[in-house]
1. Could you work out, residue by residue across A:136-144, how many beta carbons of other chains sit within 10 Å of that residue's beta carbon, and then give the average as an integer?
2. Report A:R123's accessible area, 1.4 Å probe, all protein chains in place, as a number in Å² to the nearest 10.
3. Could you work out, residue by residue across B:67-77, how many beta carbons of other chains sit within 10 Å of that residue's beta carbon, and then give the average as an integer?
4. For region B:12-54, list whatever residues lose no less than 10 Å² of accessible surface once every protein chain is in place, relative to that chain by itself, with the probe at 1.4 Å.
5. Rule-of-thumb check for region A:204-272: C-alpha Rg over 2.2 N^0.38 Å?
6. Pull out the extension gain between A:K133 and A:E258, defined as 0.36 nm times the separation in residues minus the alpha carbon to alpha carbon distance; nm, one decimal.
7. How far apart, in nm, are the 7 Å Cα→Cβ label points at A:K221 and A:R209?
8. So if I take the centroid of the Cα atoms in region B:47-68 and the same for region A:167-226, what is the distance between those two points in Å?
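The values are calculated or read from the model by the stated rules, or taken from the named source; none is laboratory data. Quick caveat, the model's predicted, so the values are computed rather than measured. Virtual Cβ from ideal backbone geometry, glycine too; neighbours counted across all protein chains shown. Just the protein is used for accessible areas: all its heavy atoms, side chains included, with ligands, DNA and RNA removed. Shrake-Rupley method; radii C 1.70, N 1.55, O 1.52, S 1.80 Å.
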Amino acid sequence: MPISRFLFFSSKRSSTQQALNLLKRCGPSKRIQSCNYTKSSGGFSNGKTRAHSVTSVETQASRSWAVYAVPAALLGFAGLATLVHYNDERRAIPKGQGNKSSGNTVKGPTIGGPFTLVDTENRIVTEQNFHGKWVLLYFGYTSSPDVGPEQVQIMAKAVKLLESKYNSEILPVFVTIDPQRDNPSQLRAYLNEFDSRIIGLTGPVSAIRQMAQEYRIYFKKVEEEGDDYLVDSSHNMYLMNPRIEVARCFGVEYNAEELSEAILKAMISTPT
Amino acid sequence: MALEAYASRNPDTVHADVLSKARQACYKARDAFYACLDKESNKRPTEIASVGLLYPSECKNSRAEFDKHCRASWVKHFDRQYCRNRRVQRLLDDKDSRRGPLMLPQPYTFKSS
């Protein structure tokens, strides 16, 4: 592309050369005429003719530079304009058409990944079990003083709202980030108090840590006093679509109604 | 296989002190203790709670109840939260008192003379 432009430019240059030659031939003839006139007029005009010729040479030099530069600049500008115009025509999408769906998908970090954990009935659960269903995923632990129970309560209420008011099903999942204390029966006892549909997942520490890394969950043991500790974590709820991709993330600021509305909106807007 | 290994490694104990009933009892004791603190706020705090919280000796009983019903880490967590809230409240209140009497906008009556 730039090479062709260069050739284009050089060809234009050669034509300007011809134009400049023409100009050169015209110019001196006029000046010669003027010199003759001054010579014939008188003696004192000799110095003047010489000064005149010096200035005329100067003007000729400056004029030839300008004569070179101005058409070249104009042609270069014209070349650039045609290039931009051509590019616009090539990229243009006529009004009304165009790919609408490519604008809506949220391009963020790729959250999510495969996992292998154990549920409250001591069965192995992988992410394939969630294929084809909407999943609301929460990472928490049973020994949370206040935020954990609140969030699980909100999750349970949102699921109930979605079922009763909006008639859509969603699967709530609670993954523990404290697998050393939360064994399956503990999870079962804890989650049954909220909603029996909530699936509790736990597992060996390495599996939990790997899943937390895939889902970008921060968690850390704080206030450690032997067996008694709290786990600091980013209290986020993830909404996963039937294709096992993370669609949305909800923080602690959502209450049950807002959560169910947002989930419904996501369900409607996603084409299955 | 891995499942049996996992099950054998983790004993099947259920910590009942984080289930709903225990949590509710803990919240009640906590609220009672902090209510006592607010009520006796003009008394000098002489007893040490935890994480730097001090309380007057009148609230010793409710403090004992609080400690009994809740886990130690929870007690510390709630104390820290209470201190934070108190500090924010003090900040909001102090600013008002330090400024002194406010100049309220007087009604402007234009007198054409």
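1. Values: counts 0, 0, 0, 0, 0, 1, 4, 6, 4.
Averaged over the peptide's residues, the number is 2.
2. Solvent-accessible area, nearest 10 Å²: 140 Å².
3. Per residue, the number of nearby Cβ atoms from other chains is 4 on average.
4. The answer is B:D12, B:T13, B:V14, B:H15, B:V18, B:L19, B:S20, B:R23, B:Y27.
5. For region A:204-272, the normalised Cα radius of gyration comes out at 1.42.
6. Details: separation 125, 0.36 × 125 = 45.00 nm, distance 2.08 nm.
So the extension gain works out to 42.9 nm.
7. About 1.1 nm, to one decimal.
8. The distance from the Cα centre of region B:47-68 to that of region A:167-226 comes to 33 Å.
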